[in-house]
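Here is the structure we will look at.
The values are calculated or read from the model by the stated rules, or taken from the named source; none is laboratory data. Keep in mind the model is a prediction, meaning the values are calculated, not measured. As a convention, Cβ positions derive from the backbone with ideal geometry for all residues, glycine included, and neighbour counts pool all protein chains shown.
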Amino acid sequence: MTNREISIIFSRIGDILEIKSENVFRVRAYRTAAQNIMGLARELSDIYAANPEDLENIPGIGKDLKEKIIEMISTGKLKYYEALAREFPKGFLDMLSLSGLGPKKLKKLRDEIKIKNVDDLEKACKKGKLENIEGMGAKTQEKLLGAIEHFRKREGRMLLPEADEWAGKIVSYLKKDKNFKKIEKAGSLRRGKETVGDIDILTTAARSKKAMDRFTSYPETESIIAKGMTKASIQVTEGPQVDLRVVDAKCFGAALQYFTGSKQHSVEVRKIAKGKGYKVSEYGVFSVDKKTGRERMAAGKTEEKVYKKLGMEWIPPELRENRGEIEAAIKGTLPKNLIKLSDIKGDLHLHSVASDGNARVEELASQAKKKGYEYIAVTDHSKLIKIANGMDEKRLLKHADRVRKLDKKIKGIKILVGIEVDILEDGKLDLEDYALREMDIVIAAIHSRFALPKEKQTARILKGLDNKYVNALAHPSGRLITRRTGLNFDLDKVFSKAAEENIFLEINTHGERIDLNDLNCRRAGELGARFMISTDAHDISQMDLVKYGVITARRGWLERKDVLNTYPLEKMLKELKK
Ligand code: DGT
Ligand code: CA
Ligand code: CA
């Protein structure tokens, strides 16, 4: 289990204990533990593997919580939590995921108007039943309805990296069996959508029935949802639903095209096909003889052939959302050098032990070399972020000296020094110009006052970008996929300003961020802005998440030339000169 999962369970327990009106100190103990775990740079499972006793050195973790952490790490669950959850009706605790609904309010709703689940709550809000409850009102109802809508959209979906990890495990399990020939991921996962509902896998196999057996024997299977000769679905324990299909090699391309979707993309493709007298299905592209009505297969072995038959260039999966890609594929105007992972030459937003990172600069550099990078930038926090040990001017300049000395010493990679400086509420930056001027790269970011009204937030960001030393805007929207909707500001104004001032907009993949998202990338690109794909890693393993930034950039139709950290060192440095 990851720190995030463990932290979520502890925080849930805190909430449940509060609903049960248990001792406030116990409630607080779980919440503190949850918070501290979330802030840890090292994975609990690593600490445990090295020395289980060290778990007790984490602030807020005593003997009891230590044992619970060990239970979660070694069994993947916590009996105590499961028993607590069973005390409530099914679906009741789901309501804790609604933003704006904490344990106090939830308890009231249960005690006063007998709310049992999200459906009940929605009905009650619509009927105005919350207005009579002390401390709530019309405004609460409206907010909750919004939160319910958001909740439903996300229900049952997982974040792309998580889905990708599961798919990787299952594919490598299948690959161990020589019966499987081709194995490809399809569906929203192949398209790189930021959340994935279920995982779709397509294979060819010598013996279909045996392939089904192998799949449904996946060790972590909780239940087999369906099993036929060529199609099966399993539910993975605490994981996704996975659909597997075995198809004929001669129509593999057609099947891959069909099951990659998106549905809207395929519907449009079929319209084009119809206009040309073809029929398209997961079995291939077929021409229909008008007299006899007989169908003849015209393409199907590869996706390229399928698209070609229909008069289109092959369309990269990330573009298949019916957002103009079909017209472009017909006209031959798809992006020519759509960015790819191997274009990335460095990571320009990394944290070190100088603020809240877990890695020393030497470790970041050596990991970057392993990844084949030409350069990195170490960009720690500025002083506003006290809990992250942010730096003031004096400490930053000293730190910069140290990093530059290291850069001279360490061969094979260029190490830049920069800062992730906060844009304060009034739009001023958190550090004085005399310090910013000394940086190789200045990344401006917002980590406070998320709720400012649109005009103020826009003005704040624009003013921040006015500082002439700023090179990039980190995680511009401030959104966390499941937990925070993001800042309210005029996107076009900020994107245009960035374009004008040669400020790079970040595509950040840290934690629950994919920020900017695909649509924002597309829009900003149209407005002439350029980008920087960064992991904002606080740990060397997180540097691998860059691939999800690349996928998102592809979904935003961005090309290599649009992204700063695809440039070779000299060219990149020129772009940073102010
Ligand atoms: P998800 O799982 O909700 O994240 O989204 P997808 O796109 O993976 O959707 P899923 O798993 O329901 O189906 C996988 C692909 O199969 C989908 O992208 C397109 C294709 N597909 C499924 N149902 C239909 C359909 O009714 N019509 C068409 N044209 N394609 C479909
Ligand atoms: Ca799917
Ligand atoms: Ca599916």
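Key figures for this structure:
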quantity	calculated
Search result, residues across segment 367-392 that are at pLDDT 95 or above, farther than 23 Å from LEU564 by Cα and exposed (fewer than 15 other Cβ atoms within 10 Å of the Cβ)	ASP392
Candidate set from segment 156-207 (those that are among the hydroxyl-bearing types (Ser, Thr, Tyr) and modelled with pLDDT of 95 or more); member that is nearest to ligand 3 (Cβ to nearest atom)	SER188
Test result for GLU313, assigned to a loop (DSSP other than H, G, I, E, B), acidic (Asp, Glu) and over 22 Å from HIS475 (Cα atoms)	yes
Yes/no for ILE423 being surrounded by 15 or more Cβ atoms within 10 Å (Cβ to Cβ) and either in contact (Cβ under 8 Å) with a residue 40 or more places away in the chain or over 21 Å from VAL470 (Cα atoms) (or both)	yes
Segment 213-251, residues that are in contact with a Ser or Thr (Cβ under 8 Å, 6 or more places away or on another chain) and either more than 16 Å from ligand 2 (Cβ to nearest atom) or outside any strand (DSSP E or B) (or both)	GLU220, THR221, GLU222, ILE224, LYS227, MET229, THR230, THR237, VAL246, VAL247, ASP248, ALA249
Enumeration of residues in segment 269-282 that are assigned to a helix (DSSP H, G or I) and either surrounded by fewer than 16 Cβ atoms within 10 Å (Cβ to Cβ) or within 16 Å of ligand 2 (Cβ to nearest atom) (or both)	LYS271, LYS274, GLY275
Conditions (1) in contact with a Ser or Thr (Cβ under 9 Å, 6 or more places away or on another chain); (2) under 26 Å from LEU106 (Cβ atoms); number of the one not met by ILE13	(1)
Qualifying position, being within 16 Å of ARG560 (Cβ to Cβ), at pLDDT 95 or above and assigned by TED's automatic domain parsing to the domain that holds PRO568, among LEU348, LEU364	LEU348
Residue match in segment 334-347 (condition: buried (at least 22 other Cβ atoms within 10 Å of the Cβ) and not in a loop (DSSP other than H, G, I, E, B))	yes
Hey, GLU512 within 23 Å of the chain's Cα centre (by Cα) and in a loop (DSSP other than H, G, I, E, B) or not	yes
Looking only at segment 193-212, and only at residues there that are more than 16 Å from ligand 2 (Cβ to nearest atom) and surrounded by 23 or more Cβ atoms within 10 Å (Cβ to Cβ), the one that is nearest to SER233 (Cα to Cα)	ALA211
Options ASP356, ASP426; residue that is assigned to a loop (DSSP other than H, G, I, E, B) and in contact with a strand residue (DSSP E or B) (Cβ under 7 Å, 6 or more places away or on another chain)	ASP356
Helices (runs of 4 or more DSSP H) contained entirely in segment 106-206, each with at least 1 residues that are touching a Phe, Trp or Tyr at 6+ places or on another chain (Cβ under 7 Å) and outside the structural domain of LYS90 (by TED's automatic domain parsing)	160-175, 187-191
Residue in segment 30-46 that is assigned by TED's automatic domain parsing to the domain that holds PRO103, of a type in the set (Ser, Thr, Tyr) and within 23 Å of GLU165 (Cβ to Cβ) present	yes
Within segment 393-418, considering residues that are surrounded by 14 or more Cβ atoms within 10 Å (Cβ to Cβ) and acidic (Asp, Glu), the one nearest to GLN367 (Cα to Cα)	ASP407
Filter result for GLY128 (more than 17 Å from THR482 (Cα to Cα) and away from ligand 3 (no atom under 16 Å from the Cβ))	yes
Some residue of segment 499-508 being surrounded by 20 or more Cβ atoms within 10 Å (Cβ to Cβ), in contact (Cβ under 8 Å) with a residue 12 or more places away in the chain and farther than 16 Å from ALA444 by Cβ	no
For TRP557: the one exception among (1) in contact (Cβ under 8 Å) with a residue 40 or more places away in the chain; (2) touching a Ser or Thr at 6+ places or on another chain (Cβ under 9 Å); (3) assigned to a loop (DSSP other than H, G, I, E, B)	(2)
Pairs with Cβ under 9 Å, 6+ apart, first in segment 198-215 and under 15 Å from ASP248 (Cα atoms), second of a type in the set (S, T, N, Q) and within 16 Å of ligand 2 (Cβ to nearest atom)	LEU202/THR260; ALA211/THR203
LYS68 in contact with an Asp or Glu (Cβ under 9 Å, 6 or more places away or on another chain), surrounded by 15 or more Cβ atoms within 10 Å (Cβ to Cβ) and not in a loop (DSSP other than H, G, I, E, B)	no
Qualifying residue in segment 508-516 (condition: in contact with a Ser or Thr (Cβ under 7 Å, 6 or more places away or on another chain), assigned by TED's automatic domain parsing to the domain that holds HIS447 and of a type in the set (Asp, Glu))	yes
One residue from GLY239, GLY284 being under 28 Å from LYS210 (Cβ atoms) and over 33 Å from the mean Cα position of the chain (by Cα)	GLY284
Number of positions in segment 1-38 that are more than 21 Å from ASN358 (Cβ to Cβ) and in a helix (DSSP H, G or I)	18
Qualifying residue in segment 301-321 (condition: within 16 Å of ligand 2 (Cβ to nearest atom), of a type in the set (Gly, Ala, Ser) and at positive phi)	no
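Per-residue answers, yes or no, for (1) near ligand 1 (Cβ under 10 Å from one of its atoms); (2) buried (at least 22 other Cβ atoms within 10 Å of the Cβ); (3) of a type in the set (Asp, Glu):
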{"residue": "SER172", "(1), (2), (3)": "no, no, no"}
{"residue": "LYS178", "(1), (2), (3)": "no, no, no"}
{"residue": "ARG190", "(1), (2), (3)": "yes, yes, no"}
{"residue": "THR216", "(1), (2), (3)": "no, no, no"}
{"residue": "MET229", "(1), (2), (3)": "no, no, no"}
{"residue": "GLN235", "(1), (2), (3)": "no, no, no"}
{"residue": "ALA249", "(1), (2), (3)": "no, no, no"}
{"residue": "ALA254", "(1), (2), (3)": "no, yes, no"}
{"residue": "GLN257", "(1), (2), (3)": "yes, yes, no"}
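Listed here are the residues, each with its yes/no results for (1) closer than 19 Å to ASP518 by Cβ; (2) hydrophobic (A, V, I, L, M, F, W, C); (3) in contact with a strand residue (DSSP E or B) (Cβ under 6 Å, 6 or more places away or on another chain).
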residue	(1), (2), (3)
LEU130	no, yes, no
LYS143	no, no, no
PHE151	no, yes, no
ALA163	yes, yes, yes
ASP177	no, no, no
ALA186	yes, yes, yes
ARG191	yes, no, no
